[in-house]
Structures are given as structure tokens and as C-alpha cells.
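Reviewing the structure listed below.
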Amino acid sequence: MRRPSLTLRLTLAFTLLVALCSALVSVSLYRALAGELVWRDNQTLLNRGAQLRQLLLDGAEPRSLPLYFNRMMDTRQDILRISRPDGRVIVDINQAKIAVPTIAPSAPGAALSEAALQTWLTPQGVTATGMALTGRDAQGPVVIMVARVAAEREQVLEAWRRKSFYISLGAMLLAVIASPLLIRRSLGAIRKLSRQTAQTHSLALEPLPLNTLPAELLPLGRSLNIMRQRLAEDFTRLTQFADDLAHELRTPVNILLGQNQVMLQQSRSTNEYEALLAGNIEELEQMTRLIENILFLSRADHRNVALEKRPLDAAAFIQATVDFLEPLAEENHLRFATQAQGELFADRLLLQRTLTNLLTNALRHTEPGGQIKISVHHEETTSTLTVANPGEPISEPQNLFRRFWRADNARHTPGAGLGLAISQAIVKLHGGELVYRHQQGWNCFIVMLPAVSTTAKS
């Protein structure tokens, strides 16, 4: 099922937010207005009641009070009744014909407050508020009852509710109409970024400009630039790798092709054919080793090499490898010096391949009569295997572990330039690191592996 667009979801969210804000504001203002109107009506009742009581105390005739009452209040919604304590009614103004419940009068001379007010609903469902207080005229005590029907107040509040509804509805409609336009305009940076990303190819991997992106898209833009940079580096490595591979394979293929073409130009003896076949086999074996090394590097890059890691006695492991290479060292008048203790945690065959590559390189680039040092040291979290041979610093150390790369002084030696690349791949498979350093006249290749204790804890 197709999911709704981001514009639609943001429009709905913004419209809902506008609706909630409008409702909250309308309800808050409505309650404030209703409270203010109720307070105003209550204060009006209290003030008018107190004034009428004072007029009677000042000697005014009760029957003349309607004249004051008509000036002070709206007789269409206000009620005035003055009666004697025995129930005789002196004044009765009730044009709205509202039934008034019995209200207990306040004590003579008591201060008036909202506590003296009583509220009820009329049969028409309109709120009415009233109070009764005890007064006195020239003939004796009287009961003054003042009440007000909130019809006008209800009309004002009803008009307010209606206007608030229309305003809120208008705000929601405006949000529905304007939100998509504003959102699409705001999302223009995403569309631009998408177009630039869609145009990505091997010849256009320059960084994207970030100065025009909004702050929210800067992390995405930076991530895309990091990705493009990595892709550019990968394309460069892949192109260089393909060129080097073509160069490495072209040489033996041309040799095989040339030898066979020359051999077929005339009849040869059996011995000559046998020599040709032997040479062909030797070249094919070299090509086979080259292809196997390339396949191993490819599997290592994808972590597709099974490891059988186990604790290895460092001294015995190094001695076994040294014994294997001892004839080659004696032939070049070189000697090994080992200093190892403790254990290494690694795949025996793969680590042996790494050590063999490092020692073979050391044998090739050490002057006769020299010494090659192999040492193992342990720290809390790392075991370090070092192979060092005397010599000048390597001219381009940054290219040491690049596939098919060989220094100028090593081009006359056998090999395809994959030994150090394979060694580095093996060490990385073990979660370690292979580095080169030149220290006090020694070229040191350092293999750093996780210690046995660290691996056991994990």
C-alpha cells in the first residue's frame, strides 16, 4: 500500500495543530469572557441592592424606588420585589414573568458579598441570579429582593461561540490551503538534493554544495558528501586495481603467446616441445597463484574467510616459520634473532602466511651478513609481533600496502606486489592492525593483535 506523501502528512499535522491551538485559544477566551460577564452582573446586583437599601434608610418611599430601579437596571431582564416581613408586597417589577424561588434575606446591616447570591435556571433554560436583603423604611423593616436573568449575557456568549467557530474554521481552511504551498516550497531543498544525488556517477563525485541547505538537511548533506568521497576513493582504487591486474596478467600471457608462436613457426624436436611445455606450466602456475591471491583479497574484503583462531605458543610458532626459511637465509648469509614469549590468539595458517610474507620481504631487502629480528611483546589488550630488518627508510610508505605496488628498488625481485596487501587483510580479519615504522635504522613491520585475555573476556 502506498504511504501518504510527506506534504500530505505535514499538512494534516499542521492543520491539526492549528485546530488544537484555535480550540485552546477560543475556550480560554470564552471562559475568561464568561467569568468577566458573570462577575460584572454579580457586582451590579450587589451594588444595586446596597443602593436601594440605603435609599430606604435615607427616607425614600418604597413605592418611589421603581423610578430609581428603572434608571439603574434593565427592567426587561432585572427583577425587583419589596415586601414586608409578613409577606405583603409593596413593589413587584418582573416583566419577564420569571418564577423566583424563596431566598433567605441577609441580616440587617450585614455586608453584601457574592456569597449572598443565589443562582437557578428558569424554565426556559436561562440562568438567573438573585439575592434578598433586609432593609428598613419609615414604617418598619422590609425585604428587598433583586434578581437578574442572564438572557443578554447568554446572547453575548452565543455570539462569541459562533464567531469563534467561524474564525477557527477559517484558520483551518487557510492551513489546509496554504500549508501544501509553503511545505512544497520548503521541501525544494530536498528535491534539489535528490536531483544532485541522482546525477551521481563515477565521473561526477565532487562534494555537493552545502551553503544553500537549511540547517535540518546539513547532516544529510554531509553524509552524502562522505559517501561520495568514499565512492570516489573506491572508484580510484578499483580503476588502479584493474589497471595493475591487467598489467600483471598481460606480461605472462604475452610471454606464453610469443613462445608458442615462435615454436610453431617451424618443426621442433621433442626436447624443445617439452621445454616449451615446462615453461608454459611455470607461467601458468604463477598466474594461478596470482589469481588465488586476488580471490583471497576479495573474500577478505567481504569478511568471507573462516577463521579458526586458537592460542598459539609464540616461541614455537615463530621458530617453525624460521626453520622453514632458514635455508634461504643461509643462502643470503643472513641470520634470524627471535625473542618471543607468551601466546598469540590467531588462525595458525593465516598468521603463518603473514609472518612468511614479512620475513620473505625482509630477506629480499637485507644486505648479506645482516640480521632479521622477530619479537613478540604483550600488553593488557594487545599482543605485538614485530619483524625488523636493517635498511634505509622506504621512500613511499603510504603505498606499502597497496595492491601490486612495488618500490623502485624492488621491481627486480620476484613477486606481484600482493604480499603486504594480503598480510594486512589477514591482520584486519583478526581485528588487528599492521603498520610500518622506521626506527633507528631498522624497517619494522608491526602486527598488533587482540590479546588472548581480551578475546577470552569478549
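Identify the residue in region 111-136 that is part of a loop (DSSP other than H, G, I, E, B) and in contact with a helix residue (DSSP H, G or I) (Cβ under 8 Å, 6 or more places away or on another chain) and, among all such residues, is surrounded by the most Cβ atoms within 10 Å (Cβ to Cβ).
Leu117
Condition (residue is surrounded by 15 or more Cβ atoms within 10 Å (Cβ to Cβ) and of a type in the set (S, T, N, Q)) applied to region 140-161: is it met by at least one residue?
No, because not a single residue in region 140-161 is surrounded by 15 or more Cβ atoms within 10 Å (Cβ to Cβ) and of a type in the set (S, T, N, Q).
Taking into account only those residues within region 202-257 that are within 30 Å of Leu276 (Cβ to Cβ) and hydrophobic (A, V, I, L, M, F, W, C), which is modelled with the highest pLDDT?
Step by step, filter region 202-257, then rank; the result is Leu257.
With respect to Ala340, determine if the residue is within 52 Å of the chain's Cα centre (by Cα), at pLDDT 90 or above and under 24 Å from Ile372 (Cβ atoms).
For Ala340, the condition - within 52 Å of the chain's Cα centre (by Cα), at pLDDT 90 or above and under 24 Å from Ile372 (Cβ atoms) - is not met.
In region 96-103, is there at least one residue being polar (S, T, N, Q), crowded, with 17+ Cβ neighbours inside 10 Å and either under 17 Å from Thr44 (Cβ atoms) or out of contact with any Ser or Thr (no Cβ under 9 Å at 6 or more places or on another chain) (or both)?
For region 96-103, residues polar (S, T, N, Q), crowded, with 17+ Cβ neighbours inside 10 Å and either under 17 Å from Thr44 (Cβ atoms) or out of contact with any Ser or Thr (no Cβ under 9 Å at 6 or more places or on another chain) (or both): absent.
Do we have any residue at all in region 311-320 that's surrounded by 18 or more Cβ atoms within 10 Å (Cβ to Cβ), modelled with pLDDT of 85 or more and of a type in the set (Gly, Ala, Ser)?
Just the residues of region 311-320 that are surrounded by 18 or more Cβ atoms within 10 Å (Cβ to Cβ), to begin with: 312, 314, 317-318.
Those left that are additionally modelled with pLDDT of 85 or more: 312, 314, 317-318.
Remaining after also requiring of a type in the set (Gly, Ala, Ser): 314.
Yes; the residues of region 311-320 include at least one that is surrounded by 18 or more Cβ atoms within 10 Å (Cβ to Cβ), modelled with pLDDT of 85 or more and of a type in the set (Gly, Ala, Ser).
When you check Ala306 against the structure, is it out of contact with any helix residue (DSSP H, G or I) (no Cβ under 8 Å at 6 or more places or on another chain), within 23 Å of Gln424 (Cβ to Cβ) and among the aliphatic types (A, V, I, L, M), yes or no?
Yes: the conditions hold for Ala306.
Within the group Gly417, Gly441, which residue is in the same structural domain as Asn332 (by TED's automatic domain parsing), surrounded by 13 or more Cβ atoms within 10 Å (Cβ to Cβ) and modelled with pLDDT under 90?
Result: Gly417 is the single residue among Gly417, Gly441 that is in the same structural domain as Asn332 (by TED's automatic domain parsing), surrounded by 13 or more Cβ atoms within 10 Å (Cβ to Cβ) and modelled with pLDDT under 90.
Take Ile90 and tell me if it is buried (at least 16 other Cβ atoms within 10 Å of the Cβ) and either at pLDDT below 85 or not in a strand (DSSP E or B) (or both).
no
Does Ala50 fit the bill of being touching a residue at least 60 places away in the same chain (Cβ under 8 Å) and assigned by TED's automatic domain parsing to the domain that holds Gly130?
yes
Looking at Ser106, Ser113, can you tell me which residue is touching a residue at least 24 places away in the same chain (Cβ under 8 Å), within 17 Å of Gln43 (Cβ to Cβ) and touching a strand residue (DSSP E or B) at 6+ places or on another chain (Cβ under 6 Å)?
Exactly one residue qualifies, and that residue is Ser106.
Could you say whether any residue in region 184-193 is in a helix (DSSP H, G or I), free of Cβ contacts under 8 Å to residues at least 24 places away in the same chain and surrounded by 14 or more Cβ atoms within 10 Å (Cβ to Cβ)?
Yes.
The values are calculated or read from the model by the stated rules, or taken from the named source; none is laboratory data. Just so we're clear, the structure is a prediction, and the values are computed from it rather than from any experiment. Because the Cβ atoms are built from the backbone with ideal geometry, glycine has one as well, and the counts that use them run over all protein chains shown.
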